[in-house]
Amino acid sequence: DPVKGKGHGLILLLHGAPGVGKTSTAECVAADDGRPLFPITCGDLGTTAEEVDARLELNFQLAQSWGSILLLDEADVFLAERLKSDVERNALVSVFLRALEYYTGVLFLTTNRVGTLDEAFRSRIHLSLLYPAINLDLNHSYLE
């Protein structure tokens, strides 16, 4: 990327039903790499574009200075497709998109609803992993 500071991070999207291991994956990767996991939620970042921008910058800087892997759990609100009728949420998505472009660390995003992913995220996410729903009957047959 010819723009200085863009595209040097690693953004991973883990998507699937609740309880299938998305958050556990980020925890295991951090543990295996010997780095702390820094978990945050959308609620930690605020509700306005200005709050989200400032808190993202702060949390990104903290994660970098601690050498940690960042986990934004249940990132649905920031990943959702922008709609003409929802200007405030569009501003949140735009702020988040811009922040991802310049983040230089490792960031895991988890979501249950990848079907509504804004198209602009496709170029910013380096790896997207689908976690299929757990089939209890199939799992039981493996144990037998």
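A few comments on the model shown:
- Shape category assigned to the stretch 10-143 from the gyration tensor of Cα positions, a/c cut at 1.5: oblate
- The helix-only estimate of mean residue ellipticity at 222 nm for the chain, built from DSSP H runs of length n ≥ 4 each weighted as -39500 (n - 2.57), is -13000 deg cm²/dmol after division by the residue total.
- Computed from backbone phi with θ = phi - 60° and the Karplus coefficients 6.51, -1.76 and 1.60, the 3J(HN,Hα) list for the stretch 122-132 is 4, 7, 9, 9, 7, 8, 10, 10, 8, 9, x Hz; x is used for glycine and proline.
- Modelled this way, with points 7 Å down the Cα-to-C-beta line, the labels at ALA133 and THR104 are 4.3 nm from one another.
- Given +1 at the Cβ of Lys and Arg, -1 at the Cβ of Asp and Glu and no other charges, the dipole of the chain around its Cα centre is 400 debye to the nearest 20.
- Once the Cα-Cα distance is subtracted from the 0.36 nm per residue extended length, the LEU62 to SER85 segment shows a gain of 4.8 nm.
Here, each number is a calculation from the coordinates, and none is a lab measurement. Because the structure is a prediction, the values reported are computed rather than measured. With ideal geometry, Cβ positions are generated from the backbone for all residues, glycine too; neighbour counts draw on all protein chains shown.
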